[in-house]
Structure formats: structure tokens, C-alpha cells
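The values are calculated or read from the model by the stated rules, or taken from the named source; none is laboratory data. In this text, all values refer to a predicted model and were calculated from it rather than measured experimentally. When we count neighbours, we look across all protein chains shown, and the Cβ atoms used for this are built from the backbone with ideal geometry, even at glycine.
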């Protein structure tokens with residue numbers, strides 16, 4: 001490319017910004033860890049997760065917490081651990097929801113956003129803010145999801161790992177299903193990750209929050225399966241969860257990148273849909289996704305075809321904001337030059 005930046009990778013949601021120094025220091029200070037870590041999490045980590053759940057997510061009532069090795073391993077294994085027979089998941093969704101259902105040998109069925117139309121199932125994935133679309137589930141919709149669970153007895157697993165990244169500080173804010181539950185957390189689980197929130201993807205630190213009985217069952221399985229979060233990572237998670245300043249700073253970085261890239265894509269004829277939160281722009285020109293991918297590839301920009309997230313995305317692309325400021329600015333300039 002004439003700008004010398006080469007191919008700009010906007011197809012993978014891997015954080016590029018540095019892990020905050022104070023989190024690195026917490027990891028280093030506990031690197032002498034000869035004993036096995038606790039599956040349940042250290043007392044300090046358990047308290048940090050509980051405090052964060054109450055103060056940031058708005059969780060109330062009886063609930064329990066559990067650390068995980070990131071959130072992807074939970075998504076892949078949770079239906080098996082809870083012996084699910086039929087799994088519902090969003091029609092446009094992160095592929096691991098389907099993979100987890102297949103690993104559990106469960107029936108898997110994609111569904112829309114209206115819980116009143118859902119068939120009976122014993123396990124349901126919801127994802128807000130959504131990957132790939134950035135859609136935020138509104139309060140009333142989450143109330144309907146909870147009502148579905150009360151009516152059918154289904155476990156609701158709410159993947160909320162992009163919770164911390166609204167498109168702008170004054171825009172629509174993500175909502176945790178455990179906030180909507182208003183203290184009755186029966187059959188409800190909320191999943192979170194520090195990978196994006198704190199740029200800890202390489203550490204593998206995640207959180208499971210919700211129904212105490214479900215978490216007790218999951219904890220026993222994880223203990224015997226060896227799904228232990230390393231003690232230094234647990235210490236780093238404590239440090240990360242006790243600080244929101246670095247999270248707001250990271251959210252501002254992504255918001256600025258979105259504000260650069262979105263008008264450029266619109267200049268090229270793309271219509272941005274949803275994208276109210278998260279780390280991606282979901283857009284379409286009405287053409288097949290691979291035609292859009294090819295058009296941007298000719299500008300040295302790599303994006304993801306929408307069909308990777310289900311056939312309903314066949315005319316969309318996902319554009320990641322997980323690149324450096326310079327790369328995002330260069331990508332926008334290349335597009336605007338057309």
C-alpha cells in the first residue's frame with residue numbers, strides 16, 4: 001500500500017492495547033505459586049467478583065460467583081456440564097454457542113429476539129451486547145427471557161462479555177440480565193470476560209455469576225475436570241476488577257475508533273446496523289458478504305464475512321475495532337480516498 005501500512009487486520013477481535021501496568025504487576029508479584037489454585041477462586045477474588053457484580057452489574061438477592069479460564073471455554077462446555085438436551089441460541093451469533101451444543105450432543109436451534117416465539121428448551125444462550133452485531137437487548141426483552149425461563153424451567157446463560165463497551169458514553173447502555181431479575185436469580189447465569197474489558201486476553205480470566213445452585217454444580221465438575229484459573233491470573237483479576245478507570249479509558253479508545261471508521265464505511269455505501277455497543281461494526285451494502293470482503297481487501301483491509309455467524313448474516317460483514325489508532329485511521333483514510 002502507498003501508505004506503507006500493509007494489510008490492516010480488522011477481522012479478529014484480539015485486543016491490541018497494552019495490559020495496564022498495575023495488572024501486570026499483580027501477576028508478577030504472585031508468580032511464585034507452587035500450590036494448586038482454588039477452583040472456587042481465592043477469597044480475595046470471590047469478594048472482588050461479588051463487589052463488581054453488585055456495583056457494576058446491579059446484581060441483588062442470592063447469587064454465587066466462579067472464575068473461569070476466559071469465557072470461551074465456558075461457552076463450549078456449559079451445555080455439557082448442565083446436561084442440556086435442547087439448546088437455543090441467536091440466529092446471528094458467535095459460532096461457539098453451536099459448537100457447545102454439538103459437544104453436548106444436544107439439539108441446537110437458532111432463534112430470533114422474541115422469546116414469546118421460542119420453542120421449549122432446557123438451555124438458552126442470549127448475547128448482549130451481541131457479537132457480531134453489537135445489538136443491546138432492551139429491558140423489556142430481558143424480562144420476556146426471564147419469563148420464558150420461569151415458564152419452562154430453562155437455564156438462561158447470558159453472555160455479557162462486551163458489557164463495558166457502549167458505542168458512546170451518552171448512548172444506549174448494556175443491561176445485565178441479573179439486574180433485570182431483581183434478586184430472583186433462579187436458572188440465570190451471567191458470563192463475563194476480562195479479555196477485552198482489561199486487555200487480558202492472554203491471561204484467560206473470566207467470570208460466571210448467578211444462580212447459586214447451578215454454580216455449585218458447575219464448580220464440582222470444573223474441580224474434577226481440572227478447569228483451574230492459575231493463582232497469578234486470579235491475583236491479576238482482583239486488581240482488574242477493583243479498578244474502573246482503565247475500563248472507561250479503554251471504552252473511550254474504542255468509541256474514538258468507531259467514530260473514525262463508521263463514517264468511512266458509510267462513505268463507501270455501507271449501512272451500519274445495530275452496533276450500539278461492543279468492539280465491532282456490523283454493516284451491509286446489500287451484496288453478498290464475500291463481495292464486500294473482496295472490495296475492502298482490495299484496499300488492504302481484512303474484515304469478516306457475516307455468514308461466519310450464521311446464514312442470516314450472508315449479506316453483512318463484521319469490522320473489528322481491535323487495532324491500533326494508527327491502523328484504524330489509515331483504514332478510514334484508504335476508504336475515504338475511494
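Observations, loosely collected:
- When each of 266, 273 is tested for being modelled with pLDDT of 95 or more, in contact with a strand residue (DSSP E or B) (Cβ under 6 Å, 6 or more places away or on another chain), more than 18 Å from residue 95 (Cα to Cα) and surrounded by fewer than 17 Cβ atoms within 10 Å (Cβ to Cβ), the lone residue that passes is 273.
- Out of 4, 41, sole residue that is in a loop (DSSP other than H, G, I, E, B) and over 26 Å from residue 209 (Cβ atoms): 4
- The single residue among 200, 191, 227 that is assigned to a loop (DSSP other than H, G, I, E, B), under 29 Å from residue 154 (Cα atoms) and in contact (Cβ under 8 Å) with a residue 12 or more places away in the chain turns out to be 227.
- Only helices (runs of 4 or more DSSP H) whose full extent lies in segment 237-338 are considered here, and the ones with at least 2 residues that are within 17 Å of the chain's Cα centre (by Cα) are 245-267.
- Residue 296 more than 30 Å from residue 40 (Cα to Cα) and touching a strand residue (DSSP E or B) at 6+ places or on another chain (Cβ under 9 Å): yes
- Single residue of 247, 272, 233 found to be closer than 23 Å to residue 15 by Cβ, touching a helix residue (DSSP H, G or I) at 6+ places or on another chain (Cβ under 8 Å) and free of Cβ contacts under 8 Å to residues at least 24 places away in the same chain: 272
- Segment 212-230, residues that are crowded, with 21+ Cβ neighbours inside 10 Å and touching a helix residue (DSSP H, G or I) at 6+ places or on another chain (Cβ under 7 Å): 218
- Filtering segment 88-132 to residues that are part of a helix (DSSP H, G or I) and either touching a strand residue (DSSP E or B) at 6+ places or on another chain (Cβ under 8 Å) or at pLDDT 95 or above (or both) leaves 96, 97, 98, 99, 100, 101, 102, 103, 115, 117.
- Residue that is farthest from the chain's Cα centre (by Cα) [pool: residues in segment 60-87 that are part of a strand (DSSP E or B) and within 17 Å of residue 210 (Cα to Cα)]: 64
- Test: residue in segment 62-83 that is over 29 Å from residue 319 (Cβ atoms), exposed (fewer than 15 other Cβ atoms within 10 Å of the Cβ) and in contact with a helix residue (DSSP H, G or I) (Cβ under 9 Å, 6 or more places away or on another chain): yes
- Taken over segment 156-172, the criterion of being surrounded by fewer than 22 Cβ atoms within 10 Å (Cβ to Cβ) and in contact (Cβ under 8 Å) with a residue 60 or more places away in the chain is satisfied by 166, 168, 169, 171, 172.
- On the stretch given as segment 100-131, residues that are more than 20 Å from residue 144 (Cα to Cα) and over 16 Å from the mean Cα position of the chain (by Cα) total 8.
- Qualifying residue in segment 197-217 (condition: within 19 Å of residue 276 (Cβ to Cβ) and modelled with pLDDT of 95 or more): yes
- Of the listed requirements (1) within 20 Å of residue 134 (Cα to Cα); (2) in contact with a strand residue (DSSP E or B) (Cβ under 9 Å, 6 or more places away or on another chain); (3) buried (at least 23 other Cβ atoms within 10 Å of the Cβ), residue 234 misses just one: (1).
- Residue in segment 205-226 that is farther than 24 Å from residue 84 by Cβ and in the same structural domain as residue 182 (by TED's automatic domain parsing) present: yes
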